[in-house]
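The structure under discussion appears below in the form of structure tokens.
The values are calculated or read from the model by the stated rules, or taken from the named source; none is laboratory data. Note that the coordinates shown come from a computational prediction; the quantities given were computed from them, not determined experimentally. As a convention, Cβ positions derive from the backbone with ideal geometry for all residues, glycine included, and neighbour counts pool all protein chains shown.
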Amino acid sequence: MSTTTVAHHDDHAEHPTGIMRWLTTTNHKDIGTMYLTFSLIMFFVGGAMILGIRAELFKPGLQLMNPEFFNQLIGVHALIMIFAALMPAATGFANWMIPLQIGAPDMALPRLNNWGFWLLPPSAILLTLPFTLALFGIGDGALATGWTFYPPLSVQGGIGVDFAIFAVHLLGISSVLGSINVIVTVFNMRAPGMTLMKMPMFVWGWLITAFLLIATIPVLAGAVTMLLTDRHFGTHFFDAAGGGDPIMFQHLFWFFGHPEVYILLLPVWGFIPQILETFSRKPMYGYKAQVYSLWGIGALAVVVWAHHFFTAGMPVPALLYFMYSTMAISLPLAVLFFCWIKTMWRGSMSFETPMLFAVGWIILFGIGGLTGLVLADVAADAQYHNSYFVVAHFHYTLFAGGIMGIMAGTYYWLPKMTGHMYSEKLGKLHFWLTAISFNMTFIPQFFLGLAGMPRRIPDYALQFAEFNMISSIAAFTLGLSQLLFVYNIVSCARGGKKATDKVWEGAQGLEWTLPSPPPYHSFTEQPVIK
Amino acid sequence: MVCGVYVFNMALNEEPKVKAPENLTAKEQLDLKNKKLVRKLLWLVVGSLLFAFALVPLYDVLCSLTGLNGKTQNSAALAAKAKVDNSRWVTVQFTSSVMPGLGWNFYPKQTSIRLHPGQIETVLFVAKNITNEVVVGQAVPSITPGIAAANLKKIECFCFVRQSLKPGEEKEMPLRFFVSPELPKDVSDMTLSYSFFPAVSQSK
Amino acid sequence: MQVFRKIGLGVSAMLVSFSAFADYAWNFPTPATPMALDTLHVHNKFMLISMAIFVSVLAIMIYSIFAHRKSKGFKAVADKAPSTAVEIFWTLIPFVILLVIDFVIMGIPAYHSVIMMENTREKADMVIKITGSQWRWQYEYLDGDAKGVKFVSNLSTPKEQTDKGFDGKKDEHYLLEVDNRLVLPVGKKVRILMTSTDVLHNWWVPQFGSSRVAVPGFLRETWVQVEKEGTYRGQCKELCGKGHGYMPIVVDAMPAEEYKAWVASKKDELAKASAGADKEWTKEDLVATGKGVYEKNCAVCHQVSGAGLPPAFPALTGSKVANGPIFGADGKYLKDSHLDRVLNGKNVMPSWKALLNDTEIAAVITYERNALGNSVGDVLQPSQVKTARQ
């Protein structure tokens, strides 16, 4: 995409070109582009894995793979989608947009930024390499414990677990470096006059994400390190025989794992209101209320972890505490939903692709949020837990709430980043196909869960057949519709109608004051905010 | 990761030019400010990492206080303070598991006992080594409901230390315990289970 | 092309089956215990509340989407921001609504459900212990008439049906059928103790509304009180390795009389089996019995052919353990001998002394040494196993 940028500004011709440009770049836009491209590729890798699973689950009986391979696919699918698709996409936008939105020339720590990115491809390789090694008879394939690494199963597991642990370490370091960079940039590089309470919501969302990452990624790193020493160096952190407890791993893991959900969602909660205000042609409602709500959610995120394993057994006071604190998350979220809809209310709305995605996102993420509220109920959770109900719930929050949000952001900023308009027709088609097939995939899974189908099983009883078949067919439609997305992005990067500087009639914010695409070095002269 | 952070911190400290603040250009001032903040954030990262490892002992403390995981304290309790509460009865049930790799039979001699809180009782567990080698085992206790874990006090238990049995040897292992009178009033039944594992080094 | 035809068939099958959906499960299966009934009520109530919130918010949004469009010429009306007091007032409204829903409308019934679910502190009518192992359940009756009854419950769906590429007709209860069912008396409160010998498992029967993780080395508990006679089916719901999808639960709930009869017959069966250990068996009989035991218990890891799945599960064909001597000069079995490994287990290999009787152990060992490509030629008598494990 940014090749065009260089062509426009030959004063930067001294920059290395070709592969060296991308290996050594410290430019926030180049790095952002790399993050986004990487994320898109990994989205398809993770997607291909889940389509393998949905093909297997198309009807009862084993069709394509044995249970061992099935278990590997589910875990690696999740790790790739979370760590290699969703998080890098959010980081990509952070790199591209935070300097533009706060009027900074670049990110504060450009070299760190480059390292942060280049840790990702090796970790993606580490995650998937055991699949290939197994073909040559080395080891028994990738991580087969699900993405949660629960011991003792993960202590029992093969080399796939070690590879995944190292991959998680690298991904963790990359995220922490990225977060440090975001915090320093936001604190030190804002344009004169841009106070914290004048920052665009996306910057706020990312700032809280960055703090959550710094607080929780090291806990994950610690937990998987303990797992590694339990596996190879004779420690017994998670082994009752040596005085440990397997359930402690779940506490450590979800102390990271629950904030991780908000790490994935906070950036989206940041730019969705910006999209809404743009296409409603009026400023967002309740800016302060939204900022406080984001902080509220960030704070609650680290105190509710144990609701992921109510069935592991806990004293009643602990159950009650985690139930009520989990329910409390709905309070700031209710405020956010109210503000989003109030932003649209009595606006002058038009429905270009980003707006379609944003509106669809509110509805679908709403379903994810509300099912989360019922999941908080301990007694009912005994039924929902580890059933397909949970699978459907977290895909409403992470596919609809996460990935469809990222898609909204992509269409919103793509003209700014490339300087060309994407095809509105294809974009709208992509939205409708995605939204419909997404619901067709996951609504049946709610019913499967209620009927009693556990997750992570390679084969199932006959009573679950119909819903699984619908879900599988819809999943393939969902997967194939994403090709439209790629086609639209690639053709937009290559050419098309020129985008204006402002791109959208109602666009607000500093990034829209720059040319489309922005020059290689944005804001050589810092703007002043009144 | 700690190492990485440390090296990284070193690299940052290695700033050769030392200029008086007033002589710095705006860019250098910003760099300095950035580095200061980065260093603070790195301490935050290190802090979180330490916190992760501190959670291990914290978890144990929390568990022994609240019975979070049903683990009992593996150390002798003092019997002196216990006052017998004759007004109520508590039933303690016993069960056992032998974990893979341990060539023993192991079972409680009596499956349950009824007693008053504060009353000191001794129960026996029977273990027999059915291999022709000396085998060392470690018993791991667990109690349900969790709330009872903190209230079952052991004065003497075979689970405090590893047990070694000669080939074919059979041993009656005593457990001397009482139920604390502080046991919540609504708990009338509890179960104590021992899982016998092949002994491992107690490193943690 | 084949794929497309299959999908086409699938779509048409799907459309046809919509008519059959009338009695399809859209909600929890019929509750059989007070806990499950309570869960169903709570779930229905919460779903209605969520639905009400969703529909009312959606209605406002959809109205706005249609009314406040640029294409209709609607001009944006700016909010009177940043008038903080007004804003705080408005944003507090959804906050307060949810506060009431969370902690009163939903919170109070949820509280009572938790207390009910965790009510394991008083005397129950009977106590059973469930031990999860890769990949089977073991049931033990700890008190009452059935005290001492102890058996293993394995998946009993024929293996060829679960094999890759099986295209024939599947049993009605495909993957949900076991060889030995757990039997409980109707109307009795049963305390369930739960533990595991290897990894985490989770014992879950949807119609009972209770599920609990089995943790190795730790004890967990829950309770059920089945109110209606019948057969109830469930599955393990904590990923426990490659056999996770293949460890079902089947529970028969019987009236007191029938339950008593069942206990008597089960005790009789167990006594007979242990008596069988005292007689002298022929090699042929042991190999024949052993084949059945092997395919039910061992083949999942070591494979029907004995080839195993290295490196996780070693081959038995030609293995040192299965071909080496069992007894030493003193007449006792050797460490790391075939019998030692089967009786006591090691790492991933379960300890079978708690799971199989003497005859079964003798038979399966004799089978493994004289089939699967091995031909040691010796016979292990059940009486030798009986001596060895005492």
> Given (1) more than 14 Å from chain C (Cβ to nearest Cβ); (2) closer than 24 Å to A:M87 by Cα, where does A:M421 come up short, assuming only one miss?
Replying inline: (2)
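Does any residue of the stretch B:169-181 turn out to be closer than 29 Å to C:T387 by Cα, more than 10 Å from chain C (Cβ to nearest Cβ), among the hydrophobic types (A, V, I, L, M, F, W, C) and part of a strand (DSSP E or B)?
yes
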>> Which of the numbered conditions does A:M194 fail, given that it passes all the others? Conditions: (1) touching a Gly at 6+ places or on another chain (Cβ under 7 Å); (2) part of a helix (DSSP H, G or I); (3) more than 14 Å from chain C (Cβ to nearest Cβ).
In response: (2)
> Quick check: anything in the stretch A:372-390 touching a Pro at 6+ places or on another chain (Cβ under 9 Å), within 9 Å of chain C (Cβ to nearest Cβ) and on the phi > 0 side of the Ramachandran plot?
Replying inline: yes
> Looking only at helices (runs of 4 or more DSSP H) that fall completely inside the stretch C:295-371, which ones have 1 or more residues that are under 17 Å from C:R136 (Cα atoms)?
Replying inline: C:299-302, C:338-344, C:358-370
> Could you list, in sequence order, the residues of the stretch C:36-51 that are under 18 Å from C:N119 (Cα atoms) and within 7 Å of chain A (Cβ to nearest Cβ)?
Replying inline: C:D38, C:T39, C:V42
> Are there any pairs with C-beta distances below 6 angstrom linking a residue in the stretch C:157-177 that is closer than 19 Å to A:M65 by Cβ and in the same structural domain as C:G245 (by TED's automatic domain parsing) to a residue that is surrounded by 14 or more Cβ atoms within 10 Å (Cβ to Cβ) and of a type in the set (K, R), with the two at least 6 apart or on different chains, and if so which?
Replying inline: C:Q161/C:K170
>> What's the number of the only condition in (1) at pLDDT 85 or above; (2) surrounded by fewer than 14 Cβ atoms within 10 Å (Cβ to Cβ) that B:F177 fails to meet?
In response: (2)
> Can you name the residue in the stretch A:86-118 that is crowded, with 18+ Cβ neighbours inside 10 Å and not in a helix (DSSP H, G or I) and is also nearest to the chain's Cα centre (by Cα) among such residues?
Replying inline: A:M107
>> On the basis of being exposed (fewer than 12 other Cβ atoms within 10 Å of the Cβ) and modelled with pLDDT under 90, does C:E257 make the cut?
In response: no
> Within the stretch C:58-91, which residues are out of contact with any Gly (no Cβ under 7 Å at 6 or more places or on another chain), under 23 Å from A:V359 (Cα atoms) and either part of a helix (DSSP H, G or I) or in contact (Cβ under 8 Å) with a residue 12 or more places away in the chain (or both)?
Replying inline: C:L58, C:A59, C:I60, C:M61, C:I62, C:Y63, C:S64, C:I65, C:F66, C:A67, C:W90
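Per-residue answers, yes or no, for (1) closer than 25 Å to B:A199 by Cβ; (2) crowded, with 21+ Cβ neighbours inside 10 Å; (3) basic (K, R):
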site	(1), (2), (3)
C:P314	yes, no, no
C:S319	no, no, no
C:N323	no, no, no
C:F327	no, no, no
C:K332	yes, no, yes
C:N344	yes, yes, no
C:P350	yes, yes, no
C:K353	yes, yes, yes
>> Scan the stretch B:100-108 and tell me whether some residue there is surrounded by 18 or more Cβ atoms within 10 Å (Cβ to Cβ), touching an Asp or Glu at 6+ places or on another chain (Cβ under 8 Å) and either in a helix (DSSP H, G or I) or hydroxyl-bearing (S, T, Y) (or both).
In response: no
